[in-house]
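Contents: one structure, followed by commentary.
The values are calculated or read from the model by the stated rules, or taken from the named source; none is laboratory data. Everything quoted here is computed from the prediction, not taken from an experiment. All Cβ positions, glycine included, derive from the backbone under ideal geometry; neighbour counts span all protein chains shown.
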Amino acid sequence: MHSWELPSATPPTKFLTLPVELRLRIAEYALEQHPAAGIPHIGLHLPESKHQYRPSENLSLLRVCRQFELDFTSLAYNKTRFTLWTEKDVTCIQGLPLRKLRSMRKLGFNPSSVRSERWTGTGSLDSYFCSLEQLRLDELSIFWSHKWIQMVDVRSLVLFLRRLRHVKTIKFVLYGKQERNRSDYCALVGAIMKEDHFQRYDALGAPNIEATWWDWNLNTEGDIITFQAQEPRPVLPEEDYMLLMKPKVDALMAEAEKAAAL
């Protein structure tokens, strides 16, 4: 070949001829979302945010061809945050095929437009979000509007948290006035600890142990209450239980003092 002759071009590699592992790695990169995707900005008016994010946009890769749908559906549902704003949205997710439900890892949810029994269940044995045992969520983000704690049956919410399974992290994203968030946090956490003590030592059939124990934290800058799922607390004599809970009670009292000073 003469020096002035261009080398022949290498034929382009077709994506579907690549090894499956490499295709999945490329698709994983394409499907990755920002950690806050689907969570309305704290400064926005919550009802106006429902149309600003569409999970379907992150699923568009599945519409390229039949092979993409077969190869990447589980991965796409794993990487995408789905959002529930209405009763219709809840009905839609309850009707999804089992494969898609089991692949979901992130849900955002606005409870103000959905009857509580649709997502907390109506019976004491209903231990799954929206009654969907198939869900295995890494993160459930709940969007709470202004004065949310006055609009919800706190004890029903606490009982739901006690029996909830298959959720690793719950984030209460608070869209109310910032100065109220600390006092609302104290009210909720106080109700959780009060109910736990009651169920262990005073309720009918005690001890009634929770399915999931939660460690909680308030991020006052981000207006987010985070609950991390833990193993149930052991059955203990009441005196030992009180010693175990004392650091949490002290921390709650300190937060309550800060809230009172605002």
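Just name the residue that is farthest from Lys194 (Cα to Cα) out of those in region 228-254 that are part of a loop (DSSP other than H, G, I, E, B) and of a type outside the set (A, V, I, L, M, F, W, C).
Only one residue fits best here, namely Glu231.
Rundown of residues vs (1) in contact (Cβ under 8 Å) with a residue 12 or more places away in the chain; (2) more than 27 Å from Glu133 (Cα to Cα), yes/no style:
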| site | (1), (2) |
| --- | --- |
| Ala36 | no, no |
| Ile42 | yes, yes |
| His51 | no, yes |
| Val64 | no, yes |
| Gln67 | yes, yes |
| Tyr77 | yes, no |
| Glu87 | yes, no |
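Can you confirm whether Glu133 is under 29 Å from Gln199 (Cβ atoms), modelled with pLDDT of 95 or more and surrounded by fewer than 20 Cβ atoms within 10 Å (Cβ to Cβ)?
No: the conditions fail for Glu133.
For every residue, the table says whether it meets (1) more than 23 Å from the chain's Cα centre (by Cα); (2) within 19 Å of Asp153 (Cα to Cα).
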{"site": "Lys177", "(1), (2)": "no, no"}
{"site": "Arg180", "(1), (2)": "no, yes"}
{"site": "Asn208", "(1), (2)": "yes, no"}
{"site": "Asn217", "(1), (2)": "no, no"}
{"site": "Glu221", "(1), (2)": "no, no"}
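Any residue in region 219-229 that is modelled with pLDDT under 95, of a type in the set (Phe, Trp, Tyr) and under 25 Å from Val114 (Cα atoms)?
Taking every residue of region 219-229 in turn, none turns out to be modelled with pLDDT under 95, of a type in the set (Phe, Trp, Tyr) and under 25 Å from Val114 (Cα atoms).
Enumerate the pairs (first residue in region 245-258 and at negative phi; second residue anywhere and in a helix (DSSP H, G or I) and polar (S, T, N, Q)) with beta-carbon separation below 9 Å, excluding pairs fewer than 6 apart on the same chain, so at least 6 apart or on different chains.
Listed by first residue and then by second, the contacts come to Glu255/Ser183; Ala256/Ser183.
Since Met1 meets every condition but one in (1) among the aliphatic types (A, V, I, L, M); (2) in a loop (DSSP other than H, G, I, E, B); (3) modelled with pLDDT of 90 or more, which condition does it not meet?
(3)
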